[in-house]
1. Quantify, in whole percent, the carbon and sulfur part of the accessible surface of the range 48-92 (1.4 Å probe; protein heavy atoms only).
2. Between residue 126 and residue 102, what is the spin-label point distance in nm, taking each point 7 Å from the Cα along the Cα→C-beta axis?
3. Go through 150, 71 and list them by solvent-accessible area, largest first, probe radius 1.4 Å.
4. Can you list which of the trypsin sites (Lys or Arg not before Pro) found in the range 92-177 are DSSP loop residues with at most 13 other C-beta atoms within 10 Å?
5. Please compute the contact order of the chain in relative form: average sequence separation of alpha-carbon pairs under 8 Å and at least six residues apart, divided by the residue count, as a percent.
6. With a probe of 1.4 Å, find how much accessible area the chain has per residue, and write the answer as a whole number in Å².
7. Among 52, 20, what's the order by accessible area (1.4 angstrom probe), most exposed first?
8. Of 96, 205, 224, which is farthest on the positive side of the dipole of the chain, counting Cα position, with +1 on Lys and Arg Cβ, -1 on Asp and Glu Cβ, and the Cα centre as origin?
Amino acid sequence: SESGVRSLLARRGVGQVVSVTIALIIMVIVFGLLNPSFWGMSNLTNLLRQVVPILIIGIGQSYVLITAGIDLSIGSVAGMSCMMSATLMSTAHMNPWLATILTLLACCAIGLINGLLIAKAKLPAFIATLGTMIIARGIAQLVNNNRNTDSIGQEGFQNFFYYGSFLKIYTPIWICLVLFLIFNFLLSRTRTGRHTYAIGSNYEAAKLSGVNVVMAETKVYVFSSLLAGIVGLILTAQSGMGNMDAGNGYELNAVA
């Protein structure tokens, strides 16, 4: 009904979402008219594959923003993930899936540190994550003695995280979709999601209501770093090597 539409548009942030969506639709139509191949399946899937890292890293940042925090370290965590995974596979000749697990554990450790500094030590999120941003980028540079890592030579790893396809859709798009469904479910259907919204709405009220605010807030930063780590793996698979500057500036794109 008309009243229902008005009520929906009156909600905070909905108007901006609608205006941005309309602008995007107009841009797609204009580009399609200028070049009909823009609407081709090949071009659309390529575009989606290119924006997947920002989409995935944005999921984690969304959790953080809902708690009224910010995570500046995610771009550097993605770079650390890229360098660690590539170096473990190329220099240490480690099994790619074991290298993947170890890399993601290291990324989660950064998220755990962020969460404890913010939720337990009561540091402002901006300051805490700025510090871990520098640390994570430093680790990326130290992993291979301040050098980019050469070709990883792992076709299976690269196909899984970037070049492979299923039902004519590239695997990173599937990865992004699965992650979106999982984290959307967590946010909308579980206690973790309710606690996340409660902290962002009123931290003290959530605490007085019995929410373990330290645990809940720490989880959010672990999720953010985990997703940044997955982005780092995608960047490794895309280039086939480790790049110390991988993920540079991604934290700003994620916030946007």
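1. The nonpolar share, carbon plus sulfur, comes to 69 percent.
2. 3.8
3. On the way: 150 115, 71 0 Å².
Largest to smallest exposure gives the sequence 150, 71.
4. On the way: sites: 120, 122, 137, 147, 168; in loops: 122, 147, 168.
Counting only loop positions with at most 13 other Cβ atoms within 10 Å, the trypsin sites (Lys or Arg not before Pro) in the range 92-177 are 122, 147, 168.
5. Working: 373 pairs, mean separation 94.4, N = 256.
After rounding, I find 37 percent.
6. Details: 13660 Å² over 256 residues.
Computed with neighbouring chains in place, this is 53 Å² per residue.
7. On the way: 52 5, 20 95 Å².
So, going from the largest accessible area down, we get 20, 52.
8. Working it through, the farthest residue towards the positive pole turns out to be 205.
The values are calculated or read from the model by the stated rules, or taken from the named source; none is laboratory data. Every value quoted in this text rests on a predicted model; they were computed, and no experiment measured them. For neighbour counting, all protein chains shown are included, and Cβ atoms are generated from backbone atoms with ideal geometry for every residue, glycine included. With ligands, DNA and RNA removed, areas are computed over all heavy atoms of the protein, side chains included. Shrake-Rupley method; radii C 1.70, N 1.55, O 1.52, S 1.80 Å.
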